[in-house]
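Asker: Here it is: the structure, laid out below.
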Amino acid sequence: MEIVHTPVLTEETVQFLAPRGGGELMVDATLGEGGHSYLFLSRFPDLRIIGVDADSEIQKVARGRLKEFGDRIQFYSGWSQTFFAEFPPVGQKRPDTILVDLGISLFHYEKGNRGFSFRKDEALDMRLDTSAGESAADLIAALPEKDLADLLYQNAEERYSRRIARAIVEVRKQGTITTTGALAELVERVVPAPYRHGPIHPATRTFQALRIAVNGELSRLPELLEGGLRVLESGGRMGVISFHSLEDRIVKNFFREKNKDCTCPPEAPICRCEGRRAVNILTRKGIAPGEAEIQKNPASRSARLRVIEKVFAEDGQR
Ligand SMILES: C[S@@+](CC[C@H](N)C(=O)[O-])C[C@H]1O[C@@H](n2cnc3c(N)ncnc32)[C@H](O)[C@@H]1O
């Protein structure tokens, strides 16, 4: 079994999420090929993990890789927000730690066969969970031009979003765009020459924006964070690794809101919300990889780790 993804910020993750007592349970909410889980299970022999992933294909890889740990690792196939919403299974203790390593894995670009990469000519799908929902081809076949432009701009800050959306709608009049090759070629054709020959492939942001939309990566993130925090044991820790500024902003703002003692409007004469902060923030600034890690794994460059500790359970559990 070949592993292609290199886990990021591993030592930093261990520093914050290492067990602080015996018999701890961790939820790896984005298991991927199991890189982080492998490290934690190897280092902490008393730790158990539940590994969650929306993509059943990549989970097969993780199952093989983590076999040696026997029943110290259990698997859940599905979205982590669904896992948290269904929690707890009967008799299950709350997790002491939760790790969320957002986005997709190198596995998806290299072996996904689902159109994540513009460097390969594949069907334009991009769904992590192929059992439901709309593919990228469905999205670009159906969205009105303005919505398409907004999607490209809002999800990836694509500066030529309007031009690209207009070109997609023009091409649509003759037929459908169903392959990565056709979409990449269209983007290359309509963007200005300096952008075409710039530091990144001109279709990078278009592909990123579509992938984010298809998998609801930004829209579902608050639900994922809320769900994780709800099931986390009091005093437990949740670490979130994000890979672009839009994602990181959602995480940062979510943690800041949960760190407030009172959420009454500023004009309220007295506090009526009886607010007590739900979390302490353990990383004031997001933790970035060091130069050595970036050199070894350039894909880690944009990773940011933010960690909180739960101090108060909103459902009354302490
Ligand atoms: C960056 S990779 C994780 C890599 C992993 N930490 C490792 O070391 O191999 C993210 C993984 O999470 C999955 N994923 C992303 N968002 C998810 C979500 N909301 N629920 C469940 N799985 C998700 C993706 O399918 C992908 O396999």
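The values are calculated or read from the model by the stated rules, or taken from the named source; none is laboratory data. Keep in mind it's a predicted model, so treat the numbers as computed, not measured. Please note: Cβ atoms are built from the backbone with ideal geometry, for glycine as well, and neighbour counts cover all protein chains shown. For the accessible areas, the whole protein counts, side chains as well, though only heavy atoms, and no ligand, DNA or RNA atoms are used. Shrake-Rupley method; radii C 1.70, N 1.55, O 1.52, S 1.80 Å.
Asker: For region 77-127, how many residues meet the condition of being of a type in the set (A, V, I, L, M, F, W, C) and more than 21 Å from T206 (Cβ to Cβ)?
Answerer: Filtering region 77-127 down to residues of a type in the set (A, V, I, L, M, F, W, C) leaves 79, 83-85, 87, 90, 98-100, 102, 104, 106-107, 116, 118, 123-124, 126.
Restricting the remaining residues to those that are more than 21 Å from T206 (Cβ to Cβ) gives 79, 83-85, 87, 90, 98-100, 107.
The qualifying residues number 10.
Asker: Tell me, which residue of region 192-207 that is modelled with pLDDT of 95 or more and hydrophobic (A, V, I, L, M, F, W, C) is nearest to the chain's Cα centre (by Cα)?
Answerer: F207
Asker: Where in region 94-190 are the helices (runs of 4 or more DSSP H), entirely inside, with at least 1 residues that are of a type in the set (A, V, I, L, M, F, W, C), under 24 Å from the mean Cα position of the chain (by Cα) and at positive phi?
Answerer: On the way: elements: 106-111, 136-142, 145-156, 161-172, 180-190.
Counting at least 1 such residues, we get no helices (runs of 4 or more DSSP H) at all.
Asker: Which of the residues belonging to region 76-93 are assigned to a loop (DSSP other than H, G, I, E, B) and over 13 Å from the mean Cα position of the chain (by Cα)? Before you say what the answer is, go through the steps one by one.
Answerer: We begin by selecting, within region 76-93, every residue assigned to a loop (DSSP other than H, G, I, E, B); these are 78-79, 87-93.
Hits for region 76-93 are G78, F87, P88, P89, V90, G91, Q92, K93.
Asker: Tell me the strands (runs of 3 or more DSSP E) entirely within region 203-318 that contain at least 1 residues that are closer than 24 Å to A156 by Cβ. Full working, then the answer.
Answerer: Values: elements: 237-242, 279-281, 304-310.
Because the criterion is at least 1 residues that are closer than 24 Å to A156 by Cβ, the strands (runs of 3 or more DSSP E) in region 203-318 that meet it are 237-242, 304-310.
Asker: Please indicate, with yes or no, whether at least one residue in region 93-115 is open to solvent by 40 Å² or more (accessible area, probe 1.4 Å), under 23 Å from G228 (Cβ atoms) and touching a Pro at 6+ places or on another chain (Cβ under 9 Å).
Answerer: yes
Asker: Same structure again: Of everything in region 154-209 that's hydroxyl-bearing (S, T, Y) and out of contact with any Lys or Arg (no Cβ under 9 Å at 6 or more places or on another chain), which residue is most open to solvent (accessible area, probe 1.4 Å)? Steps first, answer last, please.
Answerer: Taking region 154-209 as the starting set, the residues that turn out to be hydroxyl-bearing (S, T, Y) are 160-161, 176, 178-180, 195, 204, 206.
With out of contact with any Lys or Arg (no Cβ under 9 Å at 6 or more places or on another chain) added as a condition, the list becomes 176, 178-179, 204, 206.
Numbers: T176: 105, T178: 72, T179: 44, T204: 41, T206: 1 Å².
This residue is T176.
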